[in-house]
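Novice: Got a structure for you, written out below as structure tokens; questions coming shortly.
Bear in mind these aren't lab numbers, they're just calculated from the coordinates by the rules spelled out. From a predicted model like this one, the values you see are computed outputs, not experimental measurements. Here the Cβ is made from the backbone with ideal geometry for all residues, glycine too, and neighbour counts use every protein chain on show.
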There are 2 protein chains.
Amino acid sequence: MENKTYHHGDLRNELIEVGAKLLIEQGLEVFSLRKVAKEIGVSHAAPYRHFKDKEDLIVEISNKGIEEFYNALAKPFYEYKNQPKLQLIELGKAYIKFAIDNPYLMKILFFSDLKKKIDISKISDINDDSYSLLVDSVKNCIASGETTVKDVQALSLLTWSFVHGLSALMMEEVINIGEISDEVIDKMVKLSTLGYFKS
Amino acid sequence: MENKTYHHGDLRNELIEVGAKLLIEQGLEVFSLRKVAKEIGVSHAAPYRHFKDKEDLIVEISNKGIEEFYNALAKPFYEYKNQPKLQLIELGKAYIKFAIDNPYLMKILFFSDLKKKIDISKISDINDDSYSLLVDSVKNCIASGETTVKDVQALSLLTWSFVHGLSALMMEEVINIGEISDEVIDKMVKLSTLGYFKS
DNA sequence: ACCTGAACACCGTTCAAGT
DNA sequence: ACCTGAACACCGTTCAAGT
């Protein structure tokens, strides 16, 4: 409105920032490039100077989201470094809490068809990093002799599937989020590992 | 639903049938009412005689999908009625296999934002039925004294989360489906219950 | 070099009008 | 009663033209 100025230089970053806001607040289904351009006060064709297409912008936004996700997992990972079992449990809780707090972001990262078209090489590093936190934690548990199962890969996938599935069920409101207190999450995550740990 | 033949005889059902085909083959993201109409050879406004809007058609298609899903679970449920532990394992395997075989349908049922707008009351009966198969199976396991955990709800949610999460990871190709043989599925599902069963 | 405006091909949805 | 065609408001994307 007041802004009829020539936008220099920073449009690319502003597209990412405003785009992320809209995407995370409103979800993928109603996300449009034209809305982002309008919100910034630029013509609807302007984004094409900086991004090949709509998906290219979404990939860029996703990259930032993956970093946030990694950070959310890294915190408990380092905090409970010396208590393998607790570390694995806290990792699971952090995963689920991140999903609850960032449902639209989580959907873009894990539940959208877009992902197939995303250039995996771009995001695989940090993605692998997130996964490696889990694998490391499982290794620690096995190494410290706390588990009954010794298969790192199988136990990692098992844990991942569980937190991923519980996150999905909660996000989709198949399970009423209102009922999902911190205590319930704590209980479920502990129960999910219980079978494989010596008591 | 009785139908007078004017143009095609039964446009309503043809919309559901052709719509389901397109939806399940190509996915939600590229699904359009206009394409369905064109494929049938009817004007793009014609569907609005039979459905309030696009989502209304999708809900109808979803209902059919939920029935198929229920049937896929009911088969092992009744087949292994007298072997509680095996019943639960086969139920999990059937869940995962259905997801792999019907990824787009599964996404519509469980992973789309649409679901929130879907009139849950319409689908909750059969949905509850599917869930009750799982709960029944867990109850059987507990009743026959095979498990170390006695909390029906917690154990049901645990099992559901695991198969749901593994399905999601496979569908999203976070895990390479090529590597997911029947043996791997069998192994994972068994491992997921192993901790809670006396050996 | 960066941005605009018109243009094109697609959408969902509504509605007066045709059969 | 069922369907059509025009119309409207939105999309993504391209491109010649403006600054």
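Novice: Whose amide H sits under 5 Å from the amide H of B:PHE197, counting only residues 5 or more places off or on another chain, with H placed in the peptide plane?
Specialist: Amide H to amide H, under 5 Å and 5 or more residues apart or across chains, B:PHE197 pairs with B:THR148.
Novice: Provide an ascending nm list, one decimal, of label-point separations from B:SER43 to the equivalent residue in each further copy; define each label point as 7 Å from Cα along Cα→Cβ.
Specialist: From this label point to the equivalent ones elsewhere in the assembly: 3.7 nm.
Novice: If you don't mind, there's one more thing I want to ask. For a footprinting-style exposure proxy, rank A:TYR104, A:TYR95 by other Cβ within 10 Å, fewest first. Show your work: numbers first, answer last.
Specialist: Numbers: A:TYR104 20, A:TYR95 27.
Fewest-to-most ranking of A:TYR104, A:TYR95: A:TYR104, A:TYR95.
Novice: Another question, then. Search the structure for amide H atoms under 5 Å from the amide H of B:GLU173, placed 1.01 Å from N in the peptide plane, and list their residues when 5 or more places away or on another chain.
Specialist: Here the answer is none, since no amide H 5 or more places off falls under 5 Å of that of B:GLU173.
Novice: For region B:35-47, in order, what is each residue's ³J(HN,Hα) by Karplus, 6.51 cos²θ - 1.76 cosθ + 1.60 with θ = phi - 60°, in whole Hz (x at glycine and Pro)?
Specialist: So the J values, rounded to whole Hz, are 5, 4, 4, 4, 4, 7, x, 10, 5, 5, 8, 4, x.
Novice: Packing-wise, with mean Cβ within 10 Å as the measure, how do B:130-142, A:70-82 rank, highest first?
Specialist: B:130-142, A:70-82
Novice: Kindly write out, for region A:139-152 in residue order, the coupling ³J(HN,Hα) from the Karplus curve 6.51 cos²θ - 1.76 cosθ + 1.60 (θ = phi - 60°), rounded to whole Hz, with x marking Gly and Pro.
Specialist: 4, 4, 5, 5, 4, 7, x, 8, 9, 8, 9, 10, 7, 4
Novice: On to the next question. Summarise the partner chain shielding of B:19-29 as one whole number: the mean count of Cβ atoms from other chains within 10 Å of each residue's Cβ.
Specialist: Across the residues of B:19-29, the mean count of other-chain Cβ atoms within 10 Å is 1.
Novice: Let me ask something additional. Using the basic label-point model (7 angstrom from Cα toward the beta carbon), what is the B:ARG34 to B:TYR48 distance in nanometres?
Specialist: 1.3
Novice: Per residue of A:61-69, how many C-beta atoms from partner chains lie within 10 Å of its own C-beta, taken as a mean? Mind showing how you got there, number by number?
Specialist: Details: counts 0, 0, 0, 0, 0, 0, 0, 0, 0.
So the per-residue partner count for this stretch is 0.
Novice: Please give the average number of partner chain Cβ atoms lying within 10 Å of the Cβ of each residue in B:151-163, rounded to a whole number.
Specialist: Per residue, the number of nearby Cβ atoms from other chains is 5 on average.
Novice: How much length, in nm to one decimal, is gained on full extension between A:GLN26 and A:ASP182, taken as 0.36 nm per residue of separation minus their Cα-Cα distance?
Specialist: So the extension gain works out to 53.6 nm.
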